[in-house]
Amino acid sequence: MNVLFITADQWRGDCLSAAGHPCLGTPNLDRLAAEGVRFARHYSQSTPCGPGRACLYTGTYLHTNRSISNGTPLDSRFTNVALEARKAGYEPVLFGYTDTSADPRNFTPGDPALTTYEGVLPGMTAELRFDESYLPWLADLRAKGYEITARDIFRPEGTEGDSAAQGPSAAPARYKAADSSTALLTDAAIEYLSVRGERPWFLHLSYLSPHPPFVAPAPYHRLYDPDDVPAPRRAAGLEEEAAQHPWLAYRLANPKGSDLAWGVPAADGPRLGEHRVRQLRATYYGMISEVDEQIGRLIDHLKAAGAYDQSLIVFTSDHGEQLGDHWLLGKRSYFDQSFHIPLILRDPGNAGPVRRGP
């Protein structure tokens, strides 16, 4: 049995057409859900990325593992999915990242592993490792002739019409879809699997999208019209929303997180107009559609190689995204939009029709 473990960063649980989304299309994941099981009410144990993944990889609650923020070490006394896979005879390989902060007791002072929260989960072999330097992606883009740096890798290509009217993420990415980080990770995973032969494998594919900054390559940047996407669910005004809880009032007054798009800091989130929020939503959906298409490519490869029906496939995320709901963007909240995430599992050995389908 092979294991394909896919995560996409910051993917809301309602963002699947199989879940009844009114405009978003995810045909490849829908087919995977129809042949497996979709867990409609699956929730992350924590946000942001590091804590959410610490819970995901160890199978523990936040109050147990105590890795409570990006950069909080994950205690090495906890086992995890990679270490358990090794006990079963697999060598788990990573394409992407796990955002695991190292236990400092296992390193000498000054070790580079202690300078980042973006370490590799113990037990994982990093075949293609991503972090905020984006070096493998940057090198690939440079080799293809792009003049681009890590600082502006998410800067869009010009504008589309009046940028103020179109919204902060309307323009396409500077790179083609075939050269995106999503495509690069998928290409690398397919190349790895193409030479595995009959040996069982355990592959963790960890996509960055649809994590902000929100920018999508053509044609995904225009796949969804901002006027057609669902409006954010929120109170009529910030003050009315903030009145429900003191923590929320503070959060709305002091927003934190990643830049929402190029030149749009997280601090601007609560004050973006509805049309600009709709544009961010449309771009987010376009990024999701790109990931769905790349997952379809990978599944097609497994089928062509005769490995699909010998592979356990798991798809999920580390946490969700507010998308303007409750006047918030990002994932730092107590609302369902931050914690409700997708989970699809296809077990090829579990062929009973009662156990298949959404």
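The values are calculated or read from the model by the stated rules, or taken from the named source; none is laboratory data. The structure displayed is predicted, hence computed values, not measured ones. For neighbour counting, all protein chains shown are included, and Cβ atoms are generated from backbone atoms with ideal geometry for every residue, glycine included. To get the accessible areas, we keep the full protein, side chains included, count just its heavy atoms, and leave off ligands, DNA and RNA. Shrake-Rupley method; radii C 1.70, N 1.55, O 1.52, S 1.80 Å.
Miscellaneous remarks
- Per-region count, the stretch 164-201, residues among the polar types (S, T, N, Q) and open to solvent by 20 Å² or more (accessible area, probe 1.4 Å): 2
- Among the candidates ARG155, ARG174, residue that is part of a loop (DSSP other than H, G, I, E, B) and free of Cβ contacts under 8 Å to residues at least 60 places away in the same chain: ARG174
- Condition check for ILE148: open to solvent by less than 60 Å² (accessible area, probe 1.4 Å) and within 30 Å of VAL277 (Cβ to Cβ): yes
One line per residue, one yes/no per condition, for (1) of a type in the set (Lys, Arg); (2) part of a loop (DSSP other than H, G, I, E, B); (3) closer than 16 Å to GLN294 by Cα; (4) modelled with pLDDT under 95:
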position: ARG151; (1), (2), (3), (4): yes, no, no, yes
position: THR159; (1), (2), (3), (4): no, yes, no, yes
position: ALA178; (1), (2), (3), (4): no, no, yes, no
position: GLU191; (1), (2), (3), (4): no, no, yes, no
position: GLU198; (1), (2), (3), (4): no, yes, no, yes
position: LEU203; (1), (2), (3), (4): no, no, yes, no
position: SER206; (1), (2), (3), (4): no, no, yes, no
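- Failed item in (1) closer than 23 Å to CYS49 by Cβ; (2) hydroxyl-bearing (Ser, Thr, Tyr); (3) at pLDDT below 95, with THR182 passing the rest: (3)
- Complete set of residues in the stretch 24-44 that are within 25 Å of GLY330 (Cβ to Cβ) and open to solvent by 40 Å² or more (accessible area, probe 1.4 Å): PHE39, ALA40, ARG41, HIS42, TYR43
- LEU121 vs. criteria buried (at least 18 other Cβ atoms within 10 Å of the Cβ), assigned to a loop (DSSP other than H, G, I, E, B) and touching a strand residue (DSSP E or B) at 6+ places or on another chain (Cβ under 8 Å): yes
- Qualifying residues in the stretch 124-135 (those that are open to solvent by less than 40 Å² (accessible area, probe 1.4 Å) and closer than 19 Å to VAL93 by Cβ) - the one modelled with the lowest pLDDT: PHE130
- Only residues that are open to solvent by 10 Å² or more (accessible area, probe 1.4 Å), of a type in the set (Val, Ile, Thr) and touching a strand residue (DSSP E or B) at 6+ places or on another chain (Cβ under 7 Å) were counted in the stretch 283-315, giving 1.
- Some residue of the stretch 97-106 being within 28 Å of LYS303 (Cα to Cα), more than 18 Å from the chain's Cα centre (by Cα) and of a type outside the set (Ser, Thr, Tyr): no
- Residue, surrounded by the fewest Cβ atoms within 10 Å (Cβ to Cβ), within the stretch 61-112, restricted to residues that are over 20 Å from GLY257 (Cα atoms) and of a type in the set (S, T, N, Q): THR108
- Near pairs, Cβ below 6 angstrom, 6+ apart or cross-chain, from the stretch 102-121 (under 20 Å from TYR57 (Cα atoms)) to any residue that is part of a loop (DSSP other than H, G, I, E, B) and among the β-branched types (Val, Ile, Thr): VAL120/THR98; LEU121/THR98
- Scan the stretch 228-241 for residues that are in a loop (DSSP other than H, G, I, E, B) and in contact with a helix residue (DSSP H, G or I) (Cβ under 7 Å, 6 or more places away or on another chain) and the total you get is 6.
- Tally, over the stretch 250-271, of residues that are open to solvent by less than 40 Å² (accessible area, probe 1.4 Å) and either free of Cβ contacts under 8 Å to residues at least 60 places away in the same chain or in a helix (DSSP H, G or I) (or both): 5
- Qualifying residue in the stretch 308-330 (condition: free of Cβ contacts under 8 Å to residues at least 40 places away in the same chain and in a helix (DSSP H, G or I)): yes
- Candidate set: the stretch 198-242, residues that are under 22 Å from the mean Cα position of the chain (by Cα) and of a type in the set (Phe, Trp, Tyr); chosen: the one farthest from LEU260 (Cα to Cα): PHE202
- Options THR47, THR115: the member that is open to solvent by less than 30 Å² (accessible area, probe 1.4 Å) and out of contact with any Pro (no Cβ under 6 Å at 6 or more places or on another chain): THR47
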